[in-house]
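A quick write-up on the structure given underneath.
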Amino acid sequence: MSSHLEILESSLEKFIENVRQIGIIVGDFQPQGQTVLNQKINQMVTLMQEIEKSKCHVQDIQVPLEVFDYIDQGRNPQFYTKDCMEKALAKNEQVKGKIDVYRFVFKKFDLTLMR
Amino acid sequence: MADIVRRSEQYSPKSSPRGARSPVVPRQDSTGTLKTTISLGKTPAIVHSGPFYLMKEPPSNTQSERTGATNLMSYHNLEHSYNKFCGRKMKDQLSTFLPSLPGNIDTPGHQDNSSLRSLIEKPPICGKELVPLSGVQLTGFRLHPGPLPEQYRLMSHQPQKKKHKNKKHKHKAGDTPSHESQQDVSTENTHEKKHKKQKRHDEDKERKKKKKEKKKKKKHSPEVCSVTPNPPHMGTPHG
């Protein structure tokens, strides 16, 4: 699975680089660059074909929608993982505190009833 | 004394003092605690045998059971991941996660209509076969030579990574450094540089014009005119 993800990642990077190069060619176009532009456009199509081929290998990967909100805001998506872990830890501590209090109360009640 | 009947039968919620709320769980007898049994008539009724309901000890199989009191991070072997994400300082910008991507990716997606949410809400048309373009189809991509107008130049809008360590001292007291202000500063700096370049071009043109005008004025100066003698005036007699 990690290899399929790496393949997909490299394909996407190549595609983005290709599009960037097309943008540079088009930004200040020269007549002798027409053949190169045509090659780059077809290269874009072949890279899209590669990306579509790797689609079936990563279909079982589930991504939480909240991560997209982080990316849309221009934030690092690793902060979503960090926030999730911090929330889980805080909730764990909260529940543990409740359980400890209930155990303490239970022991006290047990002792008072024994008396 | 009524016959004490101890039965370890199934417990019905109906006979429990708490009604239907009591769980049907086999209860363990604990020594040293108060035990009472109740028998109701000839027909055997479901009775409690053992301590009071509230005196019963909770199940003691906490070692294998996962509760809220267990350290879930160590239970799921996530301590290393926790230290990795929460222990180190990470930059909040998307470009730190994807440094190889060109352009300015730290801006919000809704500004340039490139958000992932819009992609989910309005998915593009897909499923069609991807075929390389033929020569006839590529003729549609014939372009005119020359540069693009500035309004369509998006590739030049790249963030300039400046070191703000030395420049922080130069900031005024009213300035508050933050991520957003840095991004704004970077975009503003690019715009300011462009405006400065344009101003320099304009200034150069004006200087050239002024030089030309000065040269023209020098040609038409009185020193030049003095070479050609003026005719003597027939002045009026004084006196």
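Helices of chain A meeting both criteria, an alpha-carbon length of 15 angstrom or more along the long axis and an average Kyte-Doolittle score not below 0.0, with helices taken as full DSSP H segments, are A:2-27.
Would you mind calculating the relative contact order of region A:14-115 from Cα pairs under 8 angstrom and at least 6 residues apart, reporting the percent as a whole number? Relative contact order here is 18 percent. Sequence-distant contacts, meaning Cα pairs under 8 Å at least 6 residues apart, place the relative contact order of region A:1-61 at 57 percent. A cut-off under 13 angstrom between Cβ atoms defines the neighbours of A:SER11, and their net charge, with Lys, Arg +1 and Asp, Glu -1, is -3.
Shape class of chain A from the alpha-carbon gyration tensor: prolate, with a/c at 1.5 or above and a/b greater than b/c. Using a Förster radius of 22 Å, what is the FRET efficiency between A:PHE79 and A:VAL19 based on their Cβ-Cβ separation? Nearest 0.05, please. Plugging the Cβ-Cβ distance into 1/(1 + (r/R0)^6) gives 0.20.
Report summary: the helix-based calculation at 222 nm, which adds -39500 (n - 2.57) for every DSSP H run with n ≥ 4 and divides by the residues of chain A, gives -27500 deg cm²/dmol.
Rounded to the nearest 0.05, the FRET efficiency derived from the C-beta distance between B:GLN137 and A:THR112 at R0 = 56 Å is 0.05.
Region A:51-93 and region A:1-34 have Cα centres separated by 26 Å. Note on B:LYS208/A:GLN32: beta-carbon distance plugged into 1/(1 + (r/R0)^6) with R0 of 45 Å gives a FRET efficiency of 0.85. Mean-square fluctuations from a GNM of chain A, with a 10 angstrom spring cutoff on Cα atoms, peak among A:GLN78, A:GLN32, A:GLN21 at A:GLN32. Note on A:ILE99 and A:VAL63: the extension gain reaches 9.7 nm, defined as 0.36 nm multiplied by sequence separation minus the Cα-Cα distance.
Laboratory data are not the source of any read-out in this text; all were calculated from the coordinates shown. Model, not experiment: these values are computed from the prediction. Heads up, the Cβs are rebuilt from the backbone with ideal geometry, glycines too, and the neighbour counts pull from every protein chain shown.
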